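The values are calculated or read from the model by the stated rules, or taken from the named source; none is laboratory data. Here the structure is a predicted model, which means the values were calculated and not measured. Neighbour counts run over all protein chains shown; Cβ positions are idealised from the backbone, glycine included. The accessibility values were calculated without ligands, DNA or RNA, using every heavy atom of the protein model including side chains. Shrake-Rupley method; radii C 1.70, N 1.55, O 1.52, S 1.80 Å.
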Amino acid sequence: GGEKLAPPKKAIWKQLQQKRGRLRAIHEPREIPIPELAHGLEKILFHDNSRATSLNSNVKGLCLNQEYLSKIEQPQNINWLSIAPFTPSSRDENLHKIALRVKAKFKASTSSISGLFSHLYQVQSNFRPVDTSYLSGAFKNHPRNFSKTVAQKPAAVIIRPRDGIYGIDAEPEGDSNHQILIDLGKTLERMLTMPPDE
């Protein structure tokens, strides 16, 4: 084994000073519009979101294409060449131009920092269990804590400086199971935002 490091004789923990900053929305015209929900799913966003809504809900004004939405397309039936590849934030030229224009210090995609924010949430909430009271009774006796993968797996990112801006990219994973989830996410995005014939 390696040599153990002794803790400092007198550890002093200093409280960080909070800086009150304001978030500023940046509206930029996009070459490719952000996909919007289709198939009646957009109505769920403005419905009672205090509980889960199933596909066969008898909610007034909510008409979902149950047959189409209940079946996820199999990987062999998908034209993967028609789906644009993921661009890391450090290589996204449009994002870089915006970051330069607004004098941002950092740029990142949601997926590249979600692991970090997940860990921050765990610590901030003191590892509070998940509230399953809004779910059906089937979840009553299931564990309410986060999975070990989420709670204990280290979150790693790569910081890529360019023009005084730090691009934050998620560390690539060598696990093929991760690619399965990425492909499933792409499939679901297209399925939930495009007409069935596309």
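Structure notes:
- Applying the criterion of being under 21 Å from the mean Cα position of the chain (by Cα) and open to solvent by less than 60 Å² (accessible area, probe 1.4 Å) to the residues of region 77-98, the residue that is nearest to E189 (Cα to Cα) is I83.
- Test: residue in region 78-94 that is modelled with pLDDT of 85 or more and hydrophobic (A, V, I, L, M, F, W, C): no
- In region 169-192, the count of residues that are assigned to a strand (DSSP E or B) and modelled with pLDDT of 80 or more is one or more.
- Considered as a group, the residues in region 118-130 that are in contact (Cβ under 8 Å) with a residue 12 or more places away in the chain and in a loop (DSSP other than H, G, I, E, B) include one that is nearest to D169 (Cα to Cα), and that residue is F127.
- Candidate set: region 29-66, residues that are within 23 Å of K186 (Cβ to Cβ) and among the acidic types (D, E); chosen: the one modelled with the lowest pLDDT: E31
- Cβ pairs under 7 Å, 6+ apart, first in region 103-117 and surrounded by fewer than 15 Cβ atoms within 10 Å (Cβ to Cβ), second at pLDDT below 90: S111/A170
- Pairs with Cβ under 8 Å, 6+ apart, first in region 180-198 and on the phi < 0 side of the Ramachandran plot, second part of a helix (DSSP H, G or I) and charged (D, E, K, R): E198/R190
- Yes/no for V130 being open to solvent by less than 80 Å² (accessible area, probe 1.4 Å), at pLDDT 75 or above and more than 30 Å from A99 (Cα to Cα): yes
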